[in-house]
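A.B. asks: What follows is a single structure, and I will ask about it in a moment.
The values are calculated or read from the model by the stated rules, or taken from the named source; none is laboratory data. Remember, it's a predicted structure, so these values are computed and weren't measured experimentally. We place every Cβ from the backbone using ideal geometry, glycine too, and count neighbours over all the protein chains shown.
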Amino acid sequence: MSAGTPPPFRPVLTARCGKPDSHLLGTYLADGGYQALSQALALQPAAVVDKVKASGLRGRGGAGFPTGLKWSFMPKEKTKPHYLINNADESEPGTFKDRLLMEKDPHLVIEGTLIGAYAIRANHAFIYIRGEYYHAYTVLLAALEEARAKGYVGKNILGSGWDCEVILHRGAGAYICGEETALMTSLEGGKGFPRLKPPFPAAAGLYACPTTINNVETLANVPFIMTRGPEWFAAIGREKNSGPKLYCLSGHVKRPGVYETAMGISLRDLIEIHGGGMLHPDRPLKAVIPGGASVGVLDASEIDVPMDFDALRAKGSMLGSAATMVLDSSACMVKALLVNCRFFAHESCGQCTPCRVGCDWMEKIVHRIEGGEGRLEDLELLNDVASRINGQTICPLGDAAAGPVPSYLTKFRADFVHHIDNHTAVCLPRATASR
Amino acid sequence: MPKLTIDGKEYEAQDGQTIIEVCDQHHLNVPRFCYHPGLTVAGNCRICLVDVEKAPKPQIACGTPVAEGMVVHTDNDRARWARQGVMEFLLLNHPLDCPICDKAGECMLQWFSVEHGPGRSRLVGDKEHYAKKLDIGEHIVLDQERCILCSRCVRFTDEITRTHELAITERGVRAELNVVEGRRLDNTYSGCVTDICPVGALTLKEFRFKSRVWFLKDTASICPGCSRGCNVNVSVNTNMNVHGGRIERLLPRTNTAVNDYWMCDLGRLIFRDLYDKPRLRVPQARDGGELKPLSWDDAARAVWVRLREAADKGGPGSVAFVLSARATNEEIFLLRRLLGDLGSERLAFPAHVEGVDDGLLLNADRTPNRRGALEICGAAAVDGRGLEAIRQGLEERKIRALLVAGESALADGILAPALLQHLDTLVVLERSGATTMLERAHLVLPLAAWAEVEGTWTNCNGRVQRVRPAVRAVGEARPLWEVAVRIGKHAGWTERYPSPAEVLDAVAGAIPAFAGIDYAAIGLLGADLPGAAAAAGAR
């Protein structure tokens, strides 16, 4: 944690998750639910935006864009319907935080969605939920019906005169539909192809109308900002990286799971305190992927980094979706990269050339190396192919596929050279240090 | 009006223009595959990446709106590097079967590969393979392996024809172009997808393996299929070993005032008529019940003498002309003059109407110059009254001499042989033989066909456009205007009319609707009749 003595952190977003019947409206109301909504409705929408701006809340979906600022991009004059989309297409490998919220505290998700919709003066909000999240879908659907029956969703909400319909839509199993514009195309009934920007969603998004799209966790923070105030929020974590944060810890740790801490916990503390340390005492830490498959990998020497947007960016990685995947010395980083490349090659929508062809080519190259048929010059080739995808594509999937590649090649070169030099498909012996 | 700098030079752009539009306007070379000015921007091929100063990464010229003070480099190291990467990706799985590909020679993948490609592939191992030679429509064959998934054809069927037959299915490197399940690419503009396909993925069955494109010589002309007057290029094979002198295809020629970038399949394949029917090759005169060849000089004299005789004997109105609205403005004008010299006004243009206008390009009126006929000869000649009057005149045997030019098929319709048998003189000018009318004709003169004549047509919106000869007329067939001039010589005409240009000058002088129309000024894209410009906007 940063300088000073931080107050002991008490879970905010997940505070209700362990309670019995936490998904029901009754328990939600008993815990003070929907009070944030009524407070928000007493304000002008612009005042809600200002509060969120003041809190310093940054998007939890991966990019870390300031939420209040994003909301303020919506047109001042409402000439067309405005839409809010809650992006619940949680598909980044290693990520399972939104799922917890939706399954255990669906009314929090709905309340955050409603406040967001009110702030941008929308009368329709969409929750686009990953198709595989069937249980979360049924829980959310039931919660929506409860909320609608009690007047939290629908016409004249809480007597404010403001109408808002919330529509729950299931995706059909494409990673790319988590990309904001592909999600909108999909929601409109089209094939999940990302769109060119400009126009940006705030100008022409869903059905060519001004649209704001936020992540589930982002919107779940909003009710607390309403009730506890932006100052409370801004005081948690580090400057510009504030608030509570959910981390999805997985891999070779004793206790994988979703952990909520103040933003900016050190990676070491996350693994050792929350994760209970490495799974096998005789297998030391080798690498950590801190934010999902799209981000650069860290080696064992880098784990004192605070897990927030700016600190990880400074390390050449990203917080992403905070999907923290821990790999011990038994892991082959060639294989790890192959898994990554295969994922992105499979999930590339195929619309634009560099991503369509390049991701598949990268997979082929890494596959060849992993199978013991690589050449030393393939490392340079891989790097070059990645560089010709990165930044050249319609949407960030290409960047996600290509961006992490150099970190694997430079930090774990020995793993690659081992396969190449020995013409072997057998990985580097696990006891050997990675560098 | 933002000002921007492209490759060191300042340009003024329109608000809302994209970089590629400004580049195209100023003839700056930016490669493209998916971008097409007639379709929405997809931005998927990425070959038009340019370096925009202050942008963190290369930007696509097709999808980036210009902004005040923008500095664009289309050919610096960064732009070249980005494009080279895209070219290598595009060719990675491309079969490179150029030697057997119809598109070779006019393939954008070839052009830009030479200009921007790395020249070699770094792929180790096998290319991805996809289906080749899929029969997806009446006229279209699809080769998925050559396809670069630019989606031009998909957007064409979505946005222009709105028939939605094509789609890109699957994802990533498994993505492929195909027809939607259970459908075929069978819309009446399907051939256009082969024009806009930047590679050899979509080819026209009627052109497949007919000719290497570098043997083709294009002539800018006008489609004769309907009153729209779509601008076309007529491709003639110059390979004397194979199909020398033969028309191999028609391609739409861009004219945003008429047909944009498109043409219908009916027009595209209309040239085959030239080769499907036997052509008349020499002038013939009936002699003892049989048609026998004679020279053009004799034929022209005979036509005039016989028509004059009929006019002198029967008085005004004893001579009638049936002309075709497929004739040029010049031809119609000269024949009307000839008829006037014979003291008659009995003139008619049969209608050729099929179905209804299709709302895109193809009009129900299947003649290319009805508007010209209307302006030169008046409404009664073209609206059926003229033809009915002629039929009546024949029935009442008041008409003694009839000249039919390009409409001899009427003998199977309104001008039945029974009506023709009492004529003193029947002159038939026609392209192909084997019509019933020829059996009654006293003089048969062979006409040059559409791709063999020069002149102008006036389209449905009053746009005067030039038809140019792409091939030589067969045998001794001559264009109608030239035949008219030959006959006119015997009628005592003093004008020389060496070419249609001089005839059009005469039209412009005599017909108010054509005032100010100048042959040379019509150029490649046509000229609106004065007063027709406003109507043309309503297209």
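A.B. asks: Exactly one of these conditions fails for residue A:312: (1) within 23 Å of the chain's Cα centre (by Cα); (2) within 14 Å of chain B (Cβ to nearest Cβ); (3) without any contact (Cβ under 8 Å) to a residue 24 or more places away in the chain. Give me its number.
C.D. replies: It fails just one condition, (2).
A.B. asks: While we're here: Would it be correct to say that residue A:353 is within 24 Å of the chain's Cα centre (by Cα), surrounded by 19 or more Cβ atoms within 10 Å (Cβ to Cβ) and at the interface with chain B (Cβ under 8 Å from one of its Cβ atoms)?
C.D. replies: no
A.B. asks: Separate question: Got at least one residue in region A:350-359 being in a helix (DSSP H, G or I) and touching a residue at least 60 places away in the same chain (Cβ under 8 Å)?
C.D. replies: No, because not a single residue in region A:350-359 is in a helix (DSSP H, G or I) and touching a residue at least 60 places away in the same chain (Cβ under 8 Å).
A.B. asks: If you don't mind, there's one more thing I want to ask. Can you name the condition, by its number, that residue A:369 falls short on among (1) within 12 Å of chain B (Cβ to nearest Cβ); (2) under 21 Å from residue A:92 (Cα atoms)?
C.D. replies: (2)
A.B. asks: Within region A:258-274, track down each residue that is part of a helix (DSSP H, G or I) and acidic (Asp, Glu).
C.D. replies: Across region A:258-274, the qualifying residues are A:269, A:272.
A.B. asks: Let me ask something else about it. State all residues of region B:161-190 that are touching a Gly at 6+ places or on another chain (Cβ under 9 Å), buried (at least 21 other Cβ atoms within 10 Å of the Cβ), part of a loop (DSSP other than H, G, I, E, B) and not charged (D, E, K, R); if no residue qualifies, say none.
C.D. replies: Selection gives B:185, B:187, B:190.
A.B. asks: Applying the selection to region B:438-460, what residues are of a type in the set (D, E, K, R), at pLDDT 95 or above and not in a loop (DSSP other than H, G, I, E, B)?
C.D. replies: B:452
A.B. asks: In region B:82-116, which residues are within 13 Å of chain A (Cβ to nearest Cβ) and part of a loop (DSSP other than H, G, I, E, B)?
C.D. replies: B:93, B:94
A.B. asks: Residues being closer than 22 Å to residue A:348 by Cβ and either in a loop (DSSP other than H, G, I, E, B) or within 11 Å of chain B (Cβ to nearest Cβ) (or both): count how many of those fall in region A:372-389.
C.D. replies: Qualifying residue count for the region: 9.
A.B. asks: Is it the case, given these coordinates, that residue A:338 is modelled with pLDDT of 95 or more, within 14 Å of chain B (Cβ to nearest Cβ), surrounded by fewer than 24 Cβ atoms within 10 Å (Cβ to Cβ) and touching a helix residue (DSSP H, G or I) at 6+ places or on another chain (Cβ under 9 Å)?
C.D. replies: No; evaluated as a whole, the condition is false for this residue.
A.B. asks: Next question. Looking at region B:221-249, which of its residues are aliphatic (A, V, I, L, M) and buried (at least 19 other Cβ atoms within 10 Å of the Cβ)?
C.D. replies: B:222, B:232, B:234, B:236, B:247
A.B. asks: Now for a separate question. Being under 26 Å from residue B:117 (Cβ atoms), among the acidic types (Asp, Glu), more than 12 Å from chain A (Cβ to nearest Cβ) and loosely packed, with under 12 Cβ neighbours inside 10 Å is true for just one of B:7, B:77, B:15, B:24. Which residue is that?
C.D. replies: Unique residue meeting the criteria: B:77.
A.B. asks: Sticking with this structure for a sec: Can you tell me how many residues within region B:410-433 are buried (at least 17 other Cβ atoms within 10 Å of the Cβ), under 35 Å from the mean Cα position of the chain (by Cα) and part of a helix (DSSP H, G or I)?
C.D. replies: Final tally of qualifying residues: 2.
A.B. asks: Out of B:455, B:406, report the one residue that is at positive phi and surrounded by fewer than 24 Cβ atoms within 10 Å (Cβ to Cβ).
C.D. replies: Testing whether each residue is at positive phi and surrounded by fewer than 24 Cβ atoms within 10 Å (Cβ to Cβ) leaves just B:406.
A.B. asks: Could I ask something else about it? Test residue B:381 against the stated conditions and say whether it is small (Gly, Ala, Ser), in contact with a strand residue (DSSP E or B) (Cβ under 6 Å, 6 or more places away or on another chain), more than 28 Å from residue B:298 (Cβ to Cβ) and at pLDDT 95 or above.
C.D. replies: Yes; evaluated as a whole, the condition is true for this residue.
A.B. asks: Considering only region B:33-42, how many residues are within 12 Å of another protein chain (Cβ to nearest Cβ) and either exposed (fewer than 15 other Cβ atoms within 10 Å of the Cβ) or under 16 Å from residue B:4 (Cα atoms) (or both)?
C.D. replies: Qualifying residue count, region B:33-42: 1.
A.B. asks: If you don't mind, there's one more thing I want to ask. Does region B:43-69 hold any residues that are crowded, with 17+ Cβ neighbours inside 10 Å and either assigned to a strand (DSSP E or B) or more than 8 Å from chain A (Cβ to nearest Cβ) (or both), and which are they?
C.D. replies: Of everything in region B:43-69, those that are crowded, with 17+ Cβ neighbours inside 10 Å and either assigned to a strand (DSSP E or B) or more than 8 Å from chain A (Cβ to nearest Cβ) (or both) turn out to be B:48, B:49, B:50, B:51, B:52, B:59, B:60, B:61, B:62, B:64, B:66.
A.B. asks: Taking residue B:127 as meeting all but one of (1) within 14 Å of chain A (Cβ to nearest Cβ); (2) surrounded by 15 or more Cβ atoms within 10 Å (Cβ to Cβ); (3) within 24 Å of residue B:209 (Cβ to Cβ), write down the number of the exception.
C.D. replies: Result: residue B:127 fails condition (2) only.
A.B. asks: Out of curiosity, is residue B:11 among the hydroxyl-bearing types (Ser, Thr, Tyr) and without any contact (Cβ under 8 Å) to a residue 24 or more places away in the chain?
C.D. replies: Yes: the conditions hold for residue B:11.
A.B. asks: Where residues in region B:131-160 are polar (S, T, N, Q) and buried (at least 20 other Cβ atoms within 10 Å of the Cβ), which of them is farthest from the other protein chains (Cβ to nearest Cβ)?
C.D. replies: B:157
A.B. asks: Here is a follow-up. Being modelled with pLDDT of 95 or more, surrounded by 14 or more Cβ atoms within 10 Å (Cβ to Cβ) and part of a loop (DSSP other than H, G, I, E, B) narrows it down to one of B:347, B:361, B:387, B:374, so name that one.
C.D. replies: Matching residue, one of B:347, B:361, B:387, B:374: B:361.
A.B. asks: To continue, here is another question. Please determine, by comparing only the residues of region A:112-151 that are over 27 Å from the mean Cα position of the chain (by Cα) and in contact (Cβ under 8 Å) with a residue 24 or more places away in the chain, which one is farthest from residue A:101 (Cα to Cα).
C.D. replies: A:150
Results for (1) touching a residue at least 12 places away in the same chain (Cβ under 8 Å); (2) among the basic types (Lys, Arg), shown as yes or no for each residue.
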position: B:352; (1), (2): yes, no
position: B:356; (1), (2): no, no
position: B:365; (1), (2): yes, no
position: B:371; (1), (2): yes, yes
position: B:375; (1), (2): yes, no
position: B:381; (1), (2): yes, no
position: B:389; (1), (2): yes, no
position: B:392; (1), (2): no, no
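A.B. asks: Could you please let me know if residue B:487 is assigned to a loop (DSSP other than H, G, I, E, B) and either more than 26 Å from residue B:342 (Cβ to Cβ) or touching a residue at least 60 places away in the same chain (Cβ under 8 Å) (or both)?
C.D. replies: no
A.B. asks: Oh, and also: Cβ-Cβ distance below 6 Å, separation of 6 or more or different chains: which pairs start in region B:429-449 with a residue that is under 21 Å from residue B:272 (Cα atoms) and end on one that is part of a helix (DSSP H, G or I) and at pLDDT 95 or above?
C.D. replies: That search, which allows pairs on different chains as well, returns B:447/B:480.
A.B. asks: Any residue that is out of contact with any Asp or Glu (no Cβ under 9 Å at 6 or more places or on another chain), in a loop (DSSP other than H, G, I, E, B) and not charged (D, E, K, R) - is there at least one of those in region A:341-348?
C.D. replies: Checking region A:341-348: not a single residue is out of contact with any Asp or Glu (no Cβ under 9 Å at 6 or more places or on another chain), in a loop (DSSP other than H, G, I, E, B) and not charged (D, E, K, R).
A.B. asks: Something else about it: So which residues in region A:43-85 are assigned to a helix (DSSP H, G or I) and within 17 Å of the chain's Cα centre (by Cα)?
C.D. replies: Listed by number, the residues that qualify are A:67, A:70.
A.B. asks: Identify the single condition in (1) touching a strand residue (DSSP E or B) at 6+ places or on another chain (Cβ under 8 Å); (2) among the aliphatic types (A, V, I, L, M); (3) farther than 22 Å from residue A:337 by Cα; (4) surrounded by fewer than 20 Cβ atoms within 10 Å (Cβ to Cβ) that residue A:300 does not satisfy, given that it satisfies every other one.
C.D. replies: Every listed condition holds for residue A:300 apart from (3).
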